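Input: a single structure, listed below in structure tokens.
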Amino acid sequence: MQKILFSFLLFLLITGFHACLSEEAPAPDECGIETEVSFSADIVPLITTYCSEPAGAPLCHHSANNTTGKGSYDTYDGVVADIDLIDLRTIVDRNMPPDYSPGPTSMEDCEVALLQRWIEEGAADN
């Protein structure tokens, strides 16, 4: 009897742990994203809000705070130069924007899905 109870509890623990690890942003169609994502109309507002300049105060990825030019997201070229890092940190790891950001410190799930769709579509400058 103890073996069965132990096995059942172990099963619950493993499946519960797996569910925590596989938490993902909602699918783009669950967020009402039905058309091609536009860099200028959809992505620039996200970058501005969360990465470069919310309410006019330059953040980490604004050229005013970045003397090397790498990681400056106020241009399309700057964003696509770091597209793999943006994908990893914002979509996969979900740790951008960071907790210590002077601006907003988290993105809505559907905003992450929008960014993910844009990257999946080839990250076009449209």
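In this structure, is Glu23 at pLDDT 90 or above and either touching a helix residue (DSSP H, G or I) at 6+ places or on another chain (Cβ under 7 Å) or part of a loop (DSSP other than H, G, I, E, B) (or both)? No, not satisfied.
Among the residues of segment 92-110, those identified as hydrophobic (A, V, I, L, M, F, W, C) and either at pLDDT below 90 or more than 13 Å from Ile47 (Cα to Cα) (or both) are Val92, Cys110.
The values are calculated or read from the model by the stated rules, or taken from the named source; none is laboratory data. Since the structure is predicted, the reported quantities are computational estimates derived from the model, not experimental observations. Glycine also receives a Cβ, built like all others from the backbone with ideal geometry; neighbour counts cover every protein chain displayed.
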